[in-house]
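The block underneath contains the structure these notes are about, expressed in structure tokens.
The values are calculated or read from the model by the stated rules, or taken from the named source; none is laboratory data. Everything numeric in this text was worked out from a predicted model, so none of it was measured. Glycine gets a Cβ as well: all are built from the backbone with ideal geometry, and neighbour counts include every protein chain shown.
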Amino acid sequence: MLLAGVGRLPLPGVNKLVTMKRRCANLGIVGIFCVLALVLAACAPAGPPEISIAEAEGWNSPVLVGVVSVFMKIDNRGQGRDVLVGVGLELPEAAGVIVELHDTVNKRMVKTKMIPLPAAGTVELRPGDKHIMIFKLPPELTATGVVLPLRLEFKQSGAVVVPVPVVESR
Ligand SMILES: [Cu+2]
């Protein structure tokens, strides 16, 4: 009798508590899924990026030996964003050569890790703005008429090798 009484009395309360806890837990899970769905909807690109390069030029420095500044237009005709995350030269003799992504902040150029490329937009690498710089090039590779095979590494689109003709600085 005693056991049955003890067992019977607290049970309804306990059951309610358990049910409430379950409801809260369910709401919590639903909430997390809602937030996830919103985040995914906001982040998911509408399509892949479609990168093309135009007007690539390497300006040899009139004052610094072995330095070439590279400018170009990077066109993204796709519906997805991309990011330029790396650069390099596709040349075996360019082992000691340094290639960097640069940006211009307060009229001073600074090294940057990435150049974002918005969907359906064009980013222009130009003097006084974002650009690519090559240092420690052997003299024969900074001569006008040389074409440097520049490798651009995109986060989404992968690596692309762009022929960059070296020209006199303007
Ligand atoms: Cu620079």
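From the list A95, A159, which residue is away from the ligand (no atom under 16 Å from the Cβ) and at pLDDT below 95? Show your work before the answer.
Details: A159 fails: at pLDDT below 95.
Unique residue meeting the criteria: A95.
Looking at (1) free of Cβ contacts under 8 Å to residues at least 40 places away in the same chain; (2) surrounded by 13 or more Cβ atoms within 10 Å (Cβ to Cβ), find the lone condition where I134 falls short.
Of the numbered conditions (1) free of Cβ contacts under 8 Å to residues at least 40 places away in the same chain; (2) surrounded by 13 or more Cβ atoms within 10 Å (Cβ to Cβ), the odd one out for I134 is (1).
Return the only residue of V105, V99 being surrounded by 13 or more Cβ atoms within 10 Å (Cβ to Cβ) and farther than 14 Å from S52 by Cα.
Going through V105, V99 in turn, just one is surrounded by 13 or more Cβ atoms within 10 Å (Cβ to Cβ) and farther than 14 Å from S52 by Cα: V99.
Do the conditions hold for T104, that is, is it within 14 Å of the ligand (Cβ to nearest atom), without any contact (Cβ under 8 Å) to a residue 60 or more places away in the chain and closer than 27 Å to A46 by Cβ?
When the stated conditions are applied, T104 does not pass them.
Say we look at segment 107-141 and pick out the residues that are away from the ligand (no atom under 11 Å from the Cβ) and of a type in the set (V, I, T); which of these is nearest to E57 (Cα to Cα)?
V123
Just checking, how many residues over segment 41-60 are surrounded by fewer than 18 Cβ atoms within 10 Å (Cβ to Cβ), in a loop (DSSP other than H, G, I, E, B) and modelled with pLDDT of 95 or more?
Residues in segment 41-60 being surrounded by fewer than 18 Cβ atoms within 10 Å (Cβ to Cβ), in a loop (DSSP other than H, G, I, E, B) and modelled with pLDDT of 95 or more: 2 in total.
Which members of segment 116-170 meet the condition of being closer than 18 Å to D103 by Cα and of a type in the set (S, T, Y)?
T122
Is there any pair linking a residue in segment 47-76 that is within 21 Å of A159 (Cα to Cα) to one that is of a type in the set (K, R) and away from the ligand (no atom under 14 Å from the Cβ), with Cβ under 6 Å and at least six apart or on different chains, and which?
From residues that are within 21 Å of A159 (Cα to Cα), the pairs are E50/R77; A54/K73; E55/K73.
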